[in-house]
Amino acid sequence: MKKAIIAVLFLAGFAGAPVCAENGKYEVGLMPGFAIPVSGNYWGNSTTGVKSSFALAAYGDYRINDMFAAGLDIGYDFGHKAQGDNVTNSKTKMLQITPHGKIMKDMDMFGKKGKVYGVLGLGMYNLKFKNDDGDVQDADGNSSVTKFGFNLGGGADVEIAQNILLGLEVRWHHVFSALASTNDDGTISKDAVNNITPALKIAYTF
């Protein structure tokens, strides 16, 4: 079931793109980065929250015209370890599947072709809660949750060789109601997850 959902989302991300690239340009790439927790009662707490995680994303874009592009991101945070947890190594791993749109401007950078851009993505984020013993359940009894979220950011890249791009990108990721926790009065509250993720961008255009 999960593989089917991923396949549907992947196809949906490119549903609006023409089959051939005669009127546009394709771009595919990888973005290794660092997902930094920010904000929230728990997630971004520097004492009781979680630590930063290595992150890796793959993406594909179709350039509609000189100003706009559309595409899909698939990203993964390898493990946000709980602060001060040295025994069970509790970690939260996160998978992101988000179609996106970009607005961009071409420009000369150091005598080479480059561009700057802004990006907005909307889609699904899956969080898994793990420790050394296996799955960990949240206050709702779930060891895995899938929630709607968005990401917003921008970046710049330059063509360092024919069809090869190198750049930098920063995005803010927000996942709605992803963390269930028990309050002092026994009620359950749900907090959002927020990450700021700076990343290196390596891409190929064709």
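A short reminder: the numbers here are calculations on the coordinates, not readings from a lab. All figures in this text were calculated on a predicted structure; none of them were measured in a lab. As a convention, Cβ positions derive from the backbone with ideal geometry for all residues, glycine included, and neighbour counts pool all protein chains shown.
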Sorted by chain and then number, the residues having a modelled amide H within less than 5 Å of the amide H of ASP138, at least 5 places away or on another chain, are SER143
Dipole magnitude of region 46-167 about its Cα centre (Cβ charges: Lys, Arg +1; Asp, Glu -1), debye to nearest 20: 200
Dipole of region 2-205, Cα-centred, from +1 at each Lys and Arg C-beta and -1 at each Asp and Glu C-beta, to the nearest 20 debye? 360
Let me see the pair-distance distribution of region 69-206: every alpha carbon pair, 5 Å bin width, integer percents in order. 2, 9, 15, 18, 15, 12, 9, 7, 6, 4, 2, 1, 0
Between ASN45 and residues 5 or more places away or on another chain, the pairs with built amide H atoms under 5 Å apart involve VAL50
Stokes-Einstein diffusion coefficient of region 120-201, Kirkwood radius over Cα pairs, 4 °C, 1.567 mPa s, in µm²/s: 85
Could you please rank LEU179, LEU30, placing first whichever residue has the fewest other Cβ atoms within 10 Å of its Cβ? LEU30, LEU179
As I understand it, the dipole of region 2-205 uses +1 on the Cβ of Lys and Arg and -1 on the Cβ of Asp and Glu, about the Cα centre. Which of GLY134, GLY101, SER46 lies farthest toward its positive end? GLY101
Cut-off is 10 Å between beta-carbons; in what order do ARG171, ARG63 appear when sorted fewest neighbours first? ARG63, ARG171
With only helices counted (DSSP H, runs n ≥ 4, each -39500 (n - 2.57)), the per-residue ellipticity at 222 nm for the chain, to the nearest 500, works out to -2000 deg cm²/dmol
Leaving out same-chain residues fewer than 8 places away, which lysines sit with a Cα under 16 Å from that of LYS130? LYS51, LYS81, LYS91, LYS93
Relative contact order [Cα under 8 Å, 6+ residues apart], region 18-136, whole percent: 20
Ranked list, fewest to most other Cβ atoms within 10 Å of each Cβ, for PHE78, PHE110: PHE110, PHE78
Region 22-93, convex hull of Cα, quarter of hull surface, nm² -> 6.1
Can you tally the net charge around SER53? Count Lys and Arg as +1, Asp and Glu as -1, for every other residue whose Cβ sits under 10 Å from the Cβ of SER53. +3
